[in-house]
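For reference, the structure is listed below as structure tokens.
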Amino acid sequence: MTADPLLSVRDLRTYLATRHGVVRAVDGVSFTVGEAEVVGVVGESGCGKTVTCRTIMGLMPSRGTYSSGEVVYHPRGSGNLLTLPQNQMQQLRGAHLAMIFQDPMTALNPVRTIGDQLVEAVTAHTAMRREQARERAIGLLVRVGIPAPEQRMRDYPFQFSGGMLQRALIAIALASEPRLLLADEPTTSLDVIIQDQILSLLLELQRDTGMSMILVSHDLAVITEVCDRIIVMYGGQVVEEGETETIIARPSHPYTRALLDALPAGAGAPSQGGERGQLRSIPGSPPSLIDAPPGCRFAPRCPLVTDDCRAWATELLDAGQAGHRVRCLRQDEARGLGAWQASDSA
Amino acid sequence: MNQTWTLHPSEALLKVAERTAKRSSSTGRRRLVLIAGLAMLGVAIIAFVGAPLLVGVSPIKLDVLHPLAPPLTGGHLLGTDQFGRDILSRILYGGRIDLAIAFGATSVTLVFGTIVGLVAGYFGGWVDNLLMRIVDLFFAFPFLVLIIAIIAMLGPSIFNMFVAIWITSWVSYARIMRAQTVVAKKQQYVLAARALGYSRLRVMFRHILPNTASAVIIFSMVDAIGNIILAASLGFLGLGAQPPSPEWGTMISDGQNYILSSWWIATLPGLAIVFVGVAFSLIGDGLADILRPGDR
């Protein structure tokens, strides 16, 4: 973390009031994203990754959502984005902070042409003549690798394949040259080959423009491939964060360890437990965020759990190396943990 | 040479597919419906506007020598009514009034109701509650009774009939639009549009409206027919166009006394209503196809 911070999130909490009770979707998340840094956020479904992104963007529904904490976008001074009036937040969105979504099939307006939507994105934050905007839109399509862009401008989203749509969405998101791109599972709904292309494209664009990126995924293989730094989330909290190399070499939280072990052999992760061909899963499922267990939230699934863990008011602890922090009392044991023993706690 | 001609399977498949492609091409059949509807409406509009050129007789001129003349007699192509007024002339001039009602009354209620529904559905909360309770208020009364009450207050005239329709008819559009908007605003593309920093107005009118407008536009075609019939009903009741000005409903009302002896007086304006009604409903069907590009 040598770069200047671009975005800092401090003690972010987002609680959702539902019929079944209060969901503590994000519960005390803090992290920073440096200039031109790619940060990966990883965790199982339902651990607060998407809600974190949407809260940062101010896109959570106003009714039934309660947020506290601080989101600071440094180029704009020290103001808290969470308390920013809607109209100011609106100017920030798109122009400074952009977001791309999990399912490109539904993220574009089905009754308007790609070109129309792209031109709209280009002109939304900068005054431009129509001709100019159109040229820039075509340039963006070329940039994201869509062949025959002039013709494709006239196409409707249903005429695009999933990978092409994600490319078009990336073009739209980058239309106003944002400083920070939040990519919420951008490759999840695509097949593996297209996934790789989209990731390379995102990385290439990130390097060219010098923007920062938060890449959210439940796929650790994707994250390790692309990111400078990794944040592991579990149950609405950050359980481990550090440089990618550090996390892979010295996973210090049993959950991180389990995620690494869950990768299929040969999936690009250097750490491989178990013989070839055997897939490892983590027994149990993530806690309900309505009445999360007191103490460590991973305790019910943890092979190293002690009574202390269940009583512990959790906090992120230093894990030895610079910027490497972990929310685990028994991090030393966790580091020594061998391949995941499914039978131990199943 | 005794050769049997059989197509290679791939060629046969190609042929079938090509035939289907030709049949379902977007420029073909589906647009035909819209074109037919527009053509019928176009013919009607030309005939109504060009009425003075097509028939030399004024719609209120009395031909006292030929009252109740059947079609093709007494120099009247479609006959005359009980006062000897030319039916063709009355239908064409009356069409002006009825089409004006179809367009004038419907367009205002379409636009107003759509905006109300869009605002209610998009903002939700108390805005939605307030607007929809007002809509409920209108639905609580029988439609025709409400219109008659308003006309009774303002006095019977064509303009007051417009006013009565404007006041009461927007509520259907508001309800349809609200329902569509509530569904549409949960779609990912709306979230994506907001993530790009688009203003509420832009999201509502440029992103939600294009996806939901087809429902109200198609309904407006049905409503236009409804308004013609409403105008005819009010004319029939003596609350719309006042005699001697020609209007289809009034003509049918006049003709009912002679329906057994002189069928043409009531039937021909009725057929005119049917003609215009079919035109509008064909346009509605055609638009329904074209406004949903994903179905093609």
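The values are calculated or read from the model by the stated rules, or taken from the named source; none is laboratory data. Just so it is clear, the model here is predicted, and its values are computed rather than measured. Note: ideal-geometry Cβ built from the backbone for every residue, glycine included; neighbour counts use all protein chains shown.
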In the range A:97-113, which residues are assigned to a loop (DSSP other than H, G, I, E, B) and out of contact with any Gly (no Cβ under 8 Å at 6 or more places or on another chain)? A:101, A:102, A:103, A:106, A:107, A:108, A:109, A:112, A:113
Which residue pairs have Cβ atoms under 6 Å apart, sit 6 or more places apart or on different chains, and have a first residue in the range B:204-220 that is part of a helix (DSSP H, G or I) and a second that is among the hydroxyl-bearing types (Ser, Thr, Tyr)? B:204/B:122; B:208/B:181; B:212/B:181; B:216/B:114; B:216/B:173; B:220/B:106
Hand me the list of helices (runs of 4 or more DSSP H) wholly inside the range A:186-266 holding 3 or more residues that are surrounded by fewer than 24 Cβ atoms within 10 Å (Cβ to Cβ) and out of contact with any Leu (no Cβ under 9 Å at 6 or more places or on another chain). A:192-209, A:244-249
Looking at the range A:157-180, which of the residues that are out of contact with any Leu (no Cβ under 9 Å at 6 or more places or on another chain) and in a loop (DSSP other than H, G, I, E, B) is nearest to the other protein chains (Cβ to nearest Cβ)? A:177
Of residues in the range A:59-87 being in a strand (DSSP E or B), in contact (Cβ under 8 Å) with a residue 60 or more places away in the chain and over 20 Å from residue A:100 (Cα atoms), the one nearest to the other protein chains (Cβ to nearest Cβ): A:72
Within the range B:159-175, is there a residue that is surrounded by fewer than 22 Cβ atoms within 10 Å (Cβ to Cβ) and within 14 Å of chain A (Cβ to nearest Cβ)? no
Taking the condition of being free of Cβ contacts under 8 Å to residues at least 40 places away in the same chain and either surrounded by fewer than 14 Cβ atoms within 10 Å (Cβ to Cβ) or not hydroxyl-bearing (Ser, Thr, Tyr) (or both), how many residues in the range A:286-304 meet it? 6
Scan of the range B:98-135 for residues that are modelled with pLDDT of 95 or more and in contact with a Leu (Cβ under 9 Å, 6 or more places away or on another chain), ordered by number: B:114, B:116, B:117, B:118, B:119, B:120
Identity of the residue in the range A:138-156, farther than 14 Å from residue A:177 by Cβ and within 14 Å of chain B (Cβ to nearest Cβ), that ends up surrounded by the fewest Cβ atoms within 10 Å (Cβ to Cβ): A:154
Would you say residue A:167 is more than 16 Å from residue B:192 (Cβ to Cβ) and either of a type outside the set (Ser, Thr, Tyr) or in contact with a strand residue (DSSP E or B) (Cβ under 6 Å, 6 or more places away or on another chain) (or both)? no
Among the residues of the range B:217-233, is any closer than 21 Å to residue B:169 by Cα, within 14 Å of chain A (Cβ to nearest Cβ) and in contact with a helix residue (DSSP H, G or I) (Cβ under 9 Å, 6 or more places away or on another chain)? yes
